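Read the structure below first, then the notes.
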Amino acid sequence: MANTQVNSEKLHGLTDKSESYGRMVVKRFFKHKLAIVGLTIIIILIMLTIISTFFGSDINRVQLLNRFKAPTAEHWMGTDELGRDFFSRIIAGGKISLSLGIIVSLTSVIIGSTVGAVSGFFGGLVDSILMRIVDFMISLPRLPILLVMAAMMGAGFTNIIVILVIFGWMGVSRVVRAQVLSLKEQEYVLAARAIGVSTPRIIFLHILPNTLAPIIVNASLQCGGAILQESYLSYLGLGIQPPTPSWGNMLMNARQYLTSAPWLAIWPGIFIFFTILAFNFMGDGLRDAFDPKLKGR
């Protein structure tokens, strides 16, 4: 009976410590001013895309009499060469870019975390093979390979996601591997092994949850990187294809109107810049919140 009470108290103490750590992370994050700015920008963009889905106008509605109208109260960001409302198309492009960035980030993190965890846990030959694959993938010149693969596979939302995921998982795999190398020697992992817990259960239920901090930070930073990569692929005509709007193909289309309608290039550029900046700010804030010792490095 006494042992049960002691174990209960220990478990309660561990739960309190876990909750206390979570509250500390949240507090440190909300003290990071730039992280709050980044989070606010991302929330606003997400809300605008949700609202536009239900209440937005037809983004492909052509009104030739309204071609190249400067920003007005009716058209907040002006109109394009076909008289389409540019604000509606910018928000629709944001929905494409944000969705793609989030999907690429989550998929890359899942693959990279799994590879890193397996590599770090088993070590030896498995570790050597997996890490040499990671080294090979990292050594490839990313931009030329992305362009070649986009040209071979064809443009489109799904193909761009596949291409970006193929070249997006290596960084997080290295981070997770380094964490697992230290965690697998901890007492709770050795105890789990001793009582016969299966290897997948040890990796995914006992080790990986303790690597969430760097995984979350990498996911945030990778989301901004994926949006940027999609933008320049679309700008080069190898990404999202018109009439579906994306910030990249809107920039590509605006090249020939830089003098007559400069807002067609200015607005997509501003949205790309601030979205990527917001994700980077949020990633920095998460890094400092999870490990304040890294602040300022």
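Read the figures in this text as sums done on the coordinates, not as results from a lab. As the structure is a computational prediction, the values presented were derived from the model and not from experiment. All Cβ positions, even for glycine, are placed from backbone atoms using ideal geometry, and neighbour counts span all protein chains on display.
Sketch the reach of a paramagnetic label on Met47 as a point 7 Å from Cα along Cα-to-Cβ, and name the residues of segment 261-279 whose backbone nitrogen lies under 20 Å away. In segment 261-279, the label zone of Met47 (backbone N under 20 Å from the point 7 Å along Cα→Cβ) covers 271-272, 274-279. Under a 5 Å amide H cut-off, with hydrogens placed 1.01 Å from N, Gly156 pairs with Ile240, Gln241 among residues at least 5 apart or on other chains.
With θ taken as phi - 60° and the Karplus curve 6.51 cos²θ - 1.76 cosθ + 1.60 applied, the whole-hertz 3J(HN,Hα) list for segment 135-141 is 4, 5, 5, 5, 6, 5, x Hz, x standing for glycine and proline. Compared with the dominant principal axis of the Cα atoms in the chain, helix 142-153 is inclined by about 70°. Site pair Arg193 and Ala73 shows an inter-label distance of 7.3 nm when each label is modelled 7 Å from Cα along Cα→Cβ.
Straight Cα distances below 12 angstrom link Lys27 to the aspartates and glutamates Asp288, with same-chain residues fewer than 8 positions distant left out. For segment 160-231 and segment 247-291, what is the centre-to-centre distance using only Cα atoms, to the nearest Å? Measuring centre to centre over Cα atoms gives 29 Å.
When the chain is treated as a Gaussian network with alpha carbon springs shorter than 10 Å, the biggest mean-square fluctuation among Ala194, Ala70, Ala35 belongs to Ala194. All distinct Cα pairs of segment 24-294 go into the 1/r average, and the inverse of that average, the Kirkwood radius, is 20.5 Å.
For segment 30-78, the set of trypsin sites (Lys or Arg not before Pro) satisfying both a DSSP loop assignment and a count of at most 13 other C-beta atoms within 10 Å is given as Arg61.
Here the sum of -39500 (n - 2.57) over DSSP H runs of 4 or more residues, divided by the residues of the chain, equals -24000 deg cm²/dmol at 222 nm, to the nearest 500.
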